[in-house]
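Structure, as C-alpha cells:
Bear in mind these aren't lab numbers, they're just calculated from the coordinates by the rules spelled out. Everything numeric here is computed off the predicted structure, so don't read it as measured data. Note that we place each Cβ from the backbone using ideal geometry, even for glycine, and neighbour counts take in every protein chain shown.
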Amino acid sequence: MAEPGYYGQFGGSFIPEILVATFEELVLAFEEAKADPEFWNTYKKLMGSYSCRPTPLTYAENLTRHFGGARIYIKREDLNHTGAHKANNVMGQGLLVKRMGKGRVIAETGAGQHGVATATMAAKFGFDCTIYMGEVDVQRQRPNVFWMERLGATVVPVTEGTRTLKDAINEAFRDWVSAMDDTHYVLGTACGPHPFPEMVTWFQSIIGQEARRQVLEETGRLPARVYACVGGGSNAMGIFSGFLEDDVELVGVEAGGRGLETGAHAARLASSDASLGVAQGYKTFFLQDDDGQMKETHSVAAGLDYVGVSPILSHLKESGRVRFAAATDKEVVDALSLTIRKEGLIPALESAHGFVQAFKEAPALSHDDVIVINQSGRGDKDIFTVADAFEDPSWKQFIRDKAEEYDAG
Amino acid sequence: MLAEHLRTKQREREILLMTHIVMGYPSFEDSLRVVEAMVEAGVEIMELQIPFSEPIADGPVILHANQRSLQAGSSVEKCLEFGEEVAKRFDIPFLLMSYYNILFKYGVDAFTKRMAEAGLAGAIVPDLPPEEADEYLAAMAAHDLSPVFILSPRTTDERMAQISKVTQGLVYCVARKGVTGQETSFSDELDGYLTRCRAATDLPLALGFGVKDRADVDFLRGRADLAVIGTQTIRVVEEEGVEGVKPFIEGLRPPRSS
C-alpha cells in the first residue's frame, strides 16, 4: 500500500534527474545486501573486531542514587572506534561501497564525528575521501578537522548559507551529481532521499538489538523508557528500533538551544515551530518560514543543529509511538557536568540532551523501573565548547600560552 | 500552447534562446531591466527562478544569486508579482523555475492557479521527479500550464519515454553531470545524447548547463531546438552590469537575415 521509502506521509525521493540512476543502483545494492544474511554477519564481525561491539550497557549507580527513582542504564556508543555511533553507519556503508565497486566517498558533517568516522572508514577500505563541513562547524570542531586531514581526507569548509550542517549536505549533493559514477555519498544520518533513512536505520539498529538483549540479561526486564538525542535521528532510530514492538516508552530529545521561546533552537518535533516541507531530497518537518525557506538553527551541540529530521521519526511522532522533548544549552551543560562528576563518563554535548530529559523524569519513576539512555558519542571533542561554557580560567590561560608559543615559533 | 508557439518561432530562427534569471537578484529593479534587455535582444523564452535557500542542483553562481536575493528581502509573493508584471509587459512565454518546497509550502494547487492568473506558461522544478509529481501534474493540467521535465545523459531510453509522457511544452535536456555553471564539453558524446532525447519526444528540446558563448550555440544548431543560457548571463551582469546583457545575447546568434 505505502510507496517504497515513505513512512506515512514522510520520506520519498525528491532528487534531480541526474541522480535517479545512482539512487536506483543504491536501492538495489542495499536491498541485495539486506536480503543476504552473510552481509550482516560480515558487518557484525567487522564491528566486533574494529569498533568494540557489542558496546556495553553501563549501570549508572551513582546517578541512580542521586535521583532516587528509576535505575539508570547507559548504552555506551561512545566506546565505538572514533567515539560515536557514527561508526556503525559508515562501516556498513563502506561494505556497501565495496560491493558497488566504487572508489571514492564523500560525506557531510556537523559536529565532525561523522566526518571522522567516514575518513576512518575510507582509510581502512582505501577509498578517496572528501568531507564537507560548514565553516561555522569547522571553527567549533577544529580537533575533528585535524583528525580528518590526518586520516587522508580533504576537508572542504562550506561558506554558503548558514555555514552549518544543512549547507554541508547541499554541497555534498552538488559534488555527487558531478561524480556519481565512482563516488558514494555516505549520508550521515537517517534523513535524505530513500533509501538513506531506512539504510542508516538498518545499520544503526545494531544498537537497539544489543541494548534490548543486554537490558534483559542485566535486569530481567524491559526498560520503562529509552532516551536518545535527536539531530537527524540516527542514534535515536538505532536504539529505538530495538524496542519498537515492545511496551517501552521511547523519548527523543532535540536541541532546545537558547529556549524554544527564543526561536534559537533546532526542535523540529518538540516545538510547534516546524512545518511539513520538502528539501534535501525528502519530505519531513523542517524549521522553515512561511515561504518555505529554511531557517537558521541553533544548538550548543553542532551535531543537533539541523533544520530537518528523519522522516521515520516524524512518522513515529505522528503515530504517537515516540514522545519528543527539548533540552536547552544550559540544561545540557549542567547534565554533562553532573554525569562527569557522578559517573566519570563524558557524554558528547549531543548525547547529553538525552540525559537532561532522563534526569527530569527519573525521580518520578520507581526503583523497579529501568531507563536506558543512549550515550551516542563521547565528549572529548567538545573540550573547547565545554571549557567556554564552564568559563574555565586555567584552560583559557593554557590556550593563550599555546598561542604565544606558536607566535614565538 | 507552448510547444506550438516555439515551433512557430523556429521558422524564424534556426535555434531559439531560453535565458534564466534569479528574481530579485541583485534587485527587482535590475531583474526587470535584465528581462527587458533580453527581450530586446531577441530571446524567445525565459526562466524566472524563485530563489530557495537549498538550491541543490545549482552551482556557485546561481547559488549566490539565490542567497543574495533572499538576503535582499525577496519573497515568493514578490516573485509572483514580478512574473505577472513581465508576462503582461513582454510578448514572450515565461517559465517559473524553483524547487519543490516553494510550491509545496504555498500549496501546489494555489500556486499553479496563481501562475495561470499571472499569465505564466509553465514551470521547471528540478527536484521533483515524475514519480513524486502526481499532485503537481494534476494541478498544472487543471490550469493549462506546461510542466517541463528534465532529461540527463544518465536517463535510460525507457525512462526518457516515460518522462516524455508527462512533460509539456518542451523538454529540458541537461548537458552533463553536475550542477549549473560548470564546463560542458560540446562534443560527439553530447550529440549522441541529444539524438536519444530526440527519439524519445516530439517536443522541442532545450539544452542547458554550460552553454556560454557563440561557439556553444553554433554547436547546438540542428541538434537542439533551444539553447539555455543560465549562469553566463548572471556572470555578464556581475562583470559588465545590465548594459552588458543585450550585446552578449545578440552575439550568441548571427543577426536575422531579414
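A few remarks follow.
- Helical content alone sets the calculated 222 nm signal of chain B at -14000 deg cm²/dmol, taking -39,500 (n - 2.57) per DSSP H segment of four or more residues and averaging over every residue.
- Listed peptides A:268-277, A:296-305 by packing density, highest first (mean Cβ within 10 Å): A:296-305, A:268-277
- Amide hydrogen neighbours beyond the local backbone of B:His20, cut-off 5 Å, H modeled: B:Glu47, B:Ile229
- Among beta bridges from DSSP that stay inside the stretch A:43-167, the antiparallel ones total about 20%.
- Between the C-alpha center of the stretch A:25-88 and that of the stretch A:291-327 there is a gap of 22 Å.
- For the residues A:Gly232, A:Gly259, A:Gly377, a GNM of chain A with alpha-carbon springs under 10 Å puts the largest fluctuation on A:Gly259.
- Looking at the stretch A:373-409, the GluC sites (Glu not before Pro) that sit in a DSSP loop and have at most 10 other Cβ atoms within 10 Å of their own Cβ are A:Glu391.
- Rounded to the nearest whole Hz, the Karplus-based 3J(HN,Hα) values (6.51 cos²θ - 1.76 cosθ + 1.60, θ = phi - 60°) of the stretch A:357-370 follow the sequence 5, 4, 5, 5, 9, 4, x, 7, 9, 8, 5, 6, 7, 10, with x at glycine and proline.
- Amide hydrogen proximity for B:Cys173: with H placed 1.01 Å from N in the peptide plane, the residues at 5 or more positions away or on another chain lying under 5 Å are B:Leu151, B:Ala206, B:Leu207, B:Gly208.
- Rounded to the nearest 20 debye, the dipole magnitude of the protein assembly as shown is 1240 debye, with +1 charges on Lys and Arg beta carbons, -1 on Asp and Glu beta carbons, and the Cα centre as origin.
- Computed from backbone phi with θ = phi - 60° and the Karplus coefficients 6.51, -1.76 and 1.60, the 3J(HN,Hα) list for the stretch A:174-183 is 4, 4, 4, 5, 8, 10, 5, 4, 10, 10 Hz; x is used for glycine and proline.
- Straight-line cross-link reach from A:Lys34 at under 21 Å between alpha-carbon atoms covers these lysines, not counting any fewer than eight positions away in the same chain: A:Lys44, A:Lys45, A:Lys86, A:Lys98, A:Lys102.
- By the Stokes-Einstein formula, at 1.567 mPa s and 4 °C, the stretch A:9-112 with its Kirkwood radius over alpha-carbon pairs has D equal to 77 µm²/s.
- Under Karplus coefficients 6.51, -1.76 and 1.60, residue-wise ³J(HN,Hα) of the stretch B:35-47 in Hz, glycine/proline x: 4, 4, 5, 5, 5, 4, 7, x, 4, 8, 7, 10, 9
- Computed over the alpha-carbon atoms, the stretch A:271-409 gives an Rg to Rh ratio of 1.07, Rh here being the Kirkwood radius from the mean inverse distance.
- Most mobile listed residue (A:Gln293, A:Gln214, A:Gln93) in chain A, GNM with C-alpha springs under 10 Å: A:Gln293
- Farthest toward positive dipole pole in chain B [+1 Lys/Arg, -1 Asp/Glu at C-beta], among B:Val22, B:Val166, B:His5: B:His5
- Basic side chains Lys and Arg get +1 at the Cβ, acidic Asp and Glu get -1 at the Cβ, and with that the dipole of chain B about its Cα centre reaches some 380 debye.
- Cut-off under 5 Å, modelled amide H: who pairs with B:Gly178 long-range: A:Ser178
- Most simply put, the stretch A:251-387 has about 55% antiparallel DSSP beta bridges, counting only bridges with both residues inside it.
- Annotation: the residues B:Arg159, A:Arg400, B:Arg221, sorted from fewest to most other C-beta atoms within 10 Å of their own C-beta, follow the order A:Arg400, B:Arg221, B:Arg159.
- All lysines inside 27 Å of A:Lys402 as judged from Cα atoms, apart from same-chain residues fewer than 8 positions distant: A:Lys381
- Beta bridges assigned by DSSP with both partners in chain A are antiparallel in approximately 30 percent of cases.
- With helices as the sole contributors, chain A gives -14000 deg cm²/dmol at 222 nm; each DSSP H run of n ≥ 4 counts as -39500 (n - 2.57), and the sum is divided by every residue.
- Kirkwood Rh (inverse of mean 1/r, distinct Cα pairs), chain A, angstrom: 21.2
- Count Lys and Arg as plus one, Asp and Glu as minus one, and take only other residues whose Cβ is under 14 Å from that of B:Phe28; the net charge is then -3.
- Cα shape, chain B, gyration tensor, a/c 1.5 rule: rounded
- Gaussian network model of chain A, springs between alpha carbon atoms under 10 Å - residue of A:Glu249, A:Glu108, A:Glu217 with greatest fluctuation: A:Glu217
- Computed about its Cα centre, the charge dipole of the stretch A:72-160 is approximately 420 debye, with only Lys, Arg, Asp and Glu carrying charge at their Cβ.
- Taking the Kirkwood radius as Rh and the Cα radius of gyration as Rg, the stretch A:240-317 has a ratio of Rg/Rh equal to 0.99.
- The residue among A:Ser275, A:Val253, A:Ser241 whose Cα reaches farthest toward the positive pole of the charge dipole of the stretch A:237-297, with charges on the beta-carbon of Lys, Arg, Asp and Glu, is A:Ser275.
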